[in-house]
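Read through the structure below, which is laid out as structure tokens, and then see the notes.
The values are calculated or read from the model by the stated rules, or taken from the named source; none is laboratory data. Worth saying up front: this structure is predicted, and the values here are computed from it rather than measured. Because the Cβ atoms are built from the backbone with ideal geometry, glycine has one as well, and the counts that use them run over all protein chains shown. Side chains are part of the model used for accessible areas, which takes the heavy atoms of the whole protein and leaves out ligands, DNA and RNA. Shrake-Rupley method; radii C 1.70, N 1.55, O 1.52, S 1.80 Å.
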Amino acid sequence: MDIWDTIKQELSNRIPAESFNEWFADTYQISNENGKISVHVPEPYFSDFITRYYNDFIKQIQDELKIDMDLEFTSETEQQAENKVKESNAVPVTGKTQIKKKSFFQKPRFNPNYTFSNFVVGPTNELAYATSMAVTENPGYTYNPLFIYGGTGLGKTHLLHAIGHKLLIEQPELKILFLSAEKFMNDYIVAVRTKKMDEFRMKYRNCDIFLVDDIHTLAGKTGTQEEFFNTFNELFDRQKQIVLSSDSLPKDISRLEERLMTRFSWGIIADIQPPELEVRIAILQKKAEKQHIQLPNEIALLIAKKVRKNVRELEGALNKVIAVAKLNDKKITPALVKKSLQVYSNDNETITPEMIIQYVSDFYKLTPNKLKEKNNAASIVLPRQIAMFLCKTLTPLSYPQIGRAFGKKHHTTVLYAVEKIRKKIKDDPKFSRLIDSFKISIK
Ligand code: ADP
Ligand code: MG
């Protein structure tokens with residue numbers, strides 16, 4: 001039994017069998033080198049899902065078993081990884097030219113849970129839902145491009161998968177490309193470096209459906225934007241369907257070229273906002289049903305009231321409640337929900353600096369300690385100042401008290417941070433909206 005097997009075994013005792021089978025049954029350890037364990041997952045989105053929802057469980061198991069190693073999830077097999085290395089070191093064959101026919105269109109595989117029928121529709125997402133559906137009925141013609149935008153965890157990726165899924169079944173002859181903008185960028189960089197632009201273009205310009213997730217990550221990437229622009233034009237001219245997702249409107253993506261901004265707005269822009277209470281309850285019921293769990297309305301209401309701005313978190317809260325109940329062999333009761341979801345703040349609870357620090361560091365993908373350390377890297381200073389500002393506005397604490405909550409910072413540091421953020425809010429409407437959204441989420 002290798003290390004991952006050991007962790008897996010522990011996991012299987014701690015999480016619902018359905019979840020284990022779905023996410024972990026087909027994973028296996030590929031290598032264990034230099035303090036890093038590589039684990040194979042069947043599809044790229046598994047890594048994302050596992051790190052998002054099961055990281056805490058895995059970390060806890062690692063701590064308990066004293067396994068002090070980093071885990072890396074990858075959908076490449078050992079063989080593929082090896083081949084890749086070989087390919088990149090390959091010496092060109094002289095003499096008889098070998099033409100290697102590569103099929104770029106291996107059918108994409110979509111998350112089986114991210115379908116239209118699993119998507120709960122309400123007033124805040126119905127436009128995005130309806131336009132996505134319309135795209136599958138008449139790809140390339142009705143709305144092109146379709147630009148879906150909204151905050152994180154509100155179902156953008158889900159809808160892209162749903163489109164792909166439906167088309168794959170109903171029109172299997174279509175060549176569908178589904179990727180993140182980041183992957184596009186990485187592929188582009190590799191193609192430039194290895195002088196394989198022809199191959200790159202062949203791959204990206206010969207599809208019928210082009211689904212690109214998280215397009216905002218192209219912000220500031222001039223070279224990639226140029227290539228994306230050309231890809232877009234070529235596909236668009238041939239009436240190929242383009243669907244893009246983003247966390248903000250084209251005009252709000254910083255350092256996005258004007259001409260791309262214009263192109264993105266050619267078709268239809270559909271936004272997704274956080275769902276209302278009733279929809280949140282319906283989402284919880286649907287997710288529980290998937291796991292064959294009976295969720296009383298009273299319980300769904302409690303969870304839905306706790307988590308309001310992010311469906312991913314809502315789902316996380318539900319999974320946490322289910323896991324805690326299973327772990328302790330208990331029924332899901334209101335008391336258990338309240339206890340399990342203590343970290344989620346709501347209106348009745350007093351907000352503490354710890355909660356704020358946790359929220360802001362999560363948002364910026366930092367650890368709470370980073371905000372408390374003596375580290376003045378730009379990537380940390382702004383989140384720290386924001387967190388200090390939020391402490392001042394959302395708690396009754398004094399400057400020195402806030403300073404102490406941030407690893408004994410001097411009260412003048414807090415004062416300076418609060419003033420700085422106040423000014424930025426005044427000068428920058430986008431930033432002001434961001435801070436408002438933090439306030440709403442934390443409250
Ligand atoms: P985004 O890409 O916008 O950050 P995702 O598409 O990854 O968000 O969604 C996060 C999670 O929330 C996924 O598990 C998704 O299935 C779920 N989700 C979001 N919106 C809905 C909805 N309306 N109905 C059902 N599940 C949803
Ligand atoms: Mg997404």
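In the range 252-306, Rg over Rh equals 1.31, where Rg is the alpha-carbon radius of gyration and Rh the Kirkwood radius from pairwise Cα distances. Take the Cβ-Cβ distance between residue 45 and residue 291 as r, set R0 to 25 Å, and report the resulting FRET efficiency rounded to the nearest 0.05. With a Förster radius of 25 Å, E is 0.85.
Convex hull of alpha carbon positions in the range 3-81: directionally averaged projected area 4.8 nm².
Can you give the Rg/Rh ratio of the range 116-272, where Rg is from the C-alpha atoms and Rh is the Kirkwood radius? Using only Cα positions, Rg/Rh for the range 116-272 is 0.95. From most to least packed by mean Cβ count within 10 Å, the peptides 247-260, 228-241, 143-156 give 143-156, 228-241, 247-260. Candidate cross-link partners of residue 331 among the aspartates and glutamates, defined by an alpha-carbon separation under 14 Å and a same-chain spacing of 8 or more, comprise 298.
Per-residue extension of 0.36 nm, minus the Cα-Cα distance of residue 259 and residue 32, leaves a gain of 77.0 nm for this segment.
Compared with the direct C-alpha span, the chain from residue 230 to residue 380 gains 50.4 nm at full extension, assuming 0.36 nm per residue. Dipole of the chain computed with +1 at Lys/Arg Cβ and -1 at Asp/Glu Cβ about the Cα centre; of 128, 262, 116, farthest Cα towards the positive end is 262. How large a share of the accessible area of the chain, in percent, is made up of carbon and sulfur atoms when the probe is 1.4 Å and the other protein chains stay in place? Reported share for carbon and sulfur atoms: 51 percent. Applying 1/(1 + (r/R0)^6) with r as the Cβ-Cβ distance of residue 422 and residue 2 and R0 = 60 angstrom yields a FRET efficiency of 0.65.
Between 53, 311, 407, the Cα set farthest toward the positive side of the dipole of the chain (charges on each charged residue's Cβ, about the Cα centre) is that of 407. Pairwise alpha-carbon distances in the chain exceed 35 Å for 39% of all pairs. For the residue pairs 59/330; 338/430; 221/430, the C-alpha atoms sit more than 27 angstrom apart in 338/430.
Pairs over the 22 Å Cα-Cα cut-off, from the set 183/287; 392/423; 166/320; 305/339; 196/251; 287/326: 183/287; 166/320; 196/251. Computed extension gain for residue 238 through residue 271, at 0.36 nm per residue and net of the alpha carbon distance, reaches 9.3 nm. The mean accessible area for residues of the chain, using a 1.4 Å probe and ignoring ligands and nucleic acids, is 53 Å² per residue. Averaged over residues, the count of other Cβ atoms within 10 Å places the peptides 210-218, 368-376 in the sequence 210-218, 368-376, highest first. What are the aspartates and glutamates whose alpha-carbon lies under 20 Å from the alpha-carbon of residue 424, with same-chain residues fewer than 8 places away excluded? The qualifying aspartates and glutamates are 252, 436.
Centroid-to-centroid, using Cα positions, the range 230-272 and the range 368-407 are 37 Å apart.
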